[in-house]
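**Student:** Here you go, one structure.
The values are calculated or read from the model by the stated rules, or taken from the named source; none is laboratory data. From a predicted model like this one, the values you see are computed outputs, not experimental measurements. Reconstructed Cβ throughout: ideal geometry from the backbone, glycine too, with neighbour counts over all protein chains shown.
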Amino acid sequence: MAKRALSIVNMKKMKQEGNPITMITAYDYPSAKLAEEADVDVILVGDSLGNVVLGYDSTVPVTIEDMVYHTRAVARGASHTFIVADMPFMTYHGSLDTTLGHVKRLMQEGHAHAVKMEGGLEICDTVAAIVKAGVPVLGHIGLTPQSVNQIGGYRVQGKDAADAGRLLEEAKALEKAGAFGVVLELVTEEVAEAISKELSIPTIGIGAGRGCDGQVLVYHDVLKYDSNYRDKRFVKTYADLGTIIRDGISAYVKDVKERKFPAEEHVFNAEDGVLDSLYGKGKVSSEQ
């Protein structure tokens, strides 16, 4: 029996039952297919693709075209998994009509099941309007990479009482606006756990400790899929694909240079007499 994609109702029930939600990013057909085969609950097509796939130094340059393209590829690879697509930088801060147009593209062209938006109180009216239009929205507070220049870098959030209070207020406002869940990024464990207990919707943590209702990590972090991977405190890596891939390609290059590839088992042989028909009988042997 084929796996069935979760719904936002299923995810809320998972929170109530204490069943952790697993989420991972994916950006193309093969990564999505492998994630689905690994039985992950939710795939996030994150604008982190700007860093790990497109080579940018932040998520800011990522466009709606990028997100539609990659979401569509992921949807082809994981047709039985709930897919959330990021709304990229400045695609939901203009007019509502423009915002809904971008949402429409991610849903219709990208085949996402939901969209994710970074921000707190300032985006709640927009979240409510998108939900009213029939599109599930996943909130995202704490460290919000699209606003990293404004918040002063990649800093842990919720370290003092004032910041903790702000995060709780934002989470509650997003829930009230109709978000089906909230990502908590780089938030102190105590504050993330307190927020999770206050909300009826699931929280998904990334660098937010053990008290969240689910966890999300970037595909390339889980697998060290990078040429010069830098360890991160909040990440656990489960494989070292970067080294495996580099070593594999290096071995291929060495074999070609040393004429060890292709070998006998990699070539195809013509029938007897084929060369005679191409060059004329005896001509090939006279030139050898």
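**Student:** Which of the residues belonging to segment 82-112 are surrounded by fewer than 20 Cβ atoms within 10 Å (Cβ to Cβ) and part of a loop (DSSP other than H, G, I, E, B)?
**Tutor:** Those that are surrounded by fewer than 20 Cβ atoms within 10 Å (Cβ to Cβ) and part of a loop (DSSP other than H, G, I, E, B): 90, 93, 94, 95, 109, 111.
**Student:** Let me ask something additional. Working only within segment 29-47, note down all residues that are buried (at least 16 other Cβ atoms within 10 Å of the Cβ), of a type in the set (Asp, Glu) and assigned to a loop (DSSP other than H, G, I, E, B).
**Tutor:** Matches in segment 29-47: 41, 47.
**Student:** Can you say whether residue 193 is assigned by TED's automatic domain parsing to the domain that holds residue 91, at pLDDT 95 or above and over 30 Å from residue 132 (Cβ atoms), as far as the supplied structure shows?
**Tutor:** Yes.
Residues checked against (1) touching a helix residue (DSSP H, G or I) at 6+ places or on another chain (Cβ under 8 Å); (2) within 30 Å of residue 45 (Cβ to Cβ); (3) of a type outside the set (Gly, Ala, Ser):
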residue	(1), (2), (3)
198	yes, yes, yes
208	yes, yes, no
217	no, yes, yes
235	yes, yes, yes
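**Student:** What pairs come up if the first residue lies in segment 27-54 and is within 19 Å of residue 213 (Cβ to Cβ) and in the same structural domain as residue 215 (by TED's automatic domain parsing), the second is modelled with pLDDT of 95 or more and assigned to a helix (DSSP H, G or I), and their beta carbons are under 8 Å apart, counting only those six or more places apart or on different chains?
**Tutor:** Listed by first residue and then by second, the contacts come to 41/11; 41/14; 42/11; 43/32; 43/35; 43/36; 43/74.
**Student:** Let me ask something else about it. Which ones in segment 114-145 are among the basic types (Lys, Arg) and in contact with a strand residue (DSSP E or B) (Cβ under 9 Å, 6 or more places away or on another chain)?
**Tutor:** Result: 116, single match.
**Student:** In addition: Looking at the structure I just gave you, is residue 201 modelled with pLDDT of 95 or more and buried (at least 23 other Cβ atoms within 10 Å of the Cβ)?
**Tutor:** Criteria not met by residue 201.
**Student:** In addition: Tally time: how many residues in segment 177-191 are part of a helix (DSSP H, G or I) and either in contact (Cβ under 8 Å) with a residue 40 or more places away in the chain or over 24 Å from the mean Cα position of the chain (by Cα) (or both)?
**Tutor:** Counting residues in segment 177-191 that are part of a helix (DSSP H, G or I) and either in contact (Cβ under 8 Å) with a residue 40 or more places away in the chain or over 24 Å from the mean Cα position of the chain (by Cα) (or both) gives 3.
**Student:** In addition: Of the residues that sit in segment 156-172 and are surrounded by fewer than 20 Cβ atoms within 10 Å (Cβ to Cβ) and either hydrophobic (A, V, I, L, M, F, W, C) or in contact with a strand residue (DSSP E or B) (Cβ under 8 Å, 6 or more places away or on another chain) (or both), which one is modelled with the lowest pLDDT?
**Tutor:** Going through the qualifying residues, I end up with 156.
**Student:** Mind telling me which of the residues 211, 242 ends up being part of a helix (DSSP H, G or I), free of Cβ contacts under 8 Å to residues at least 40 places away in the same chain and in contact with a Ser or Thr (Cβ under 9 Å, 6 or more places away or on another chain)?
**Tutor:** After applying the criteria, what remains is 242.
**Student:** Suppose we filter 238, 279, 252 for residues that are within 20 Å of residue 38 (Cβ to Cβ) and outside the structural domain of residue 50 (by TED's automatic domain parsing); which single one remains?
**Tutor:** Matching residue, one of 238, 279, 252: 238.
**Student:** What do you reckon, is residue 92 aromatic (Phe, Trp, Tyr), under 24 Å from residue 23 (Cα atoms) and at pLDDT 95 or above?
**Tutor:** yes
**Student:** Checking residue 65 against (1) in a loop (DSSP other than H, G, I, E, B); (2) modelled with pLDDT of 95 or more; (3) surrounded by fewer than 16 Cβ atoms within 10 Å (Cβ to Cβ), which single condition isn't satisfied?
**Tutor:** Of (1) in a loop (DSSP other than H, G, I, E, B); (2) modelled with pLDDT of 95 or more; (3) surrounded by fewer than 16 Cβ atoms within 10 Å (Cβ to Cβ), only one is false for residue 65: (1).
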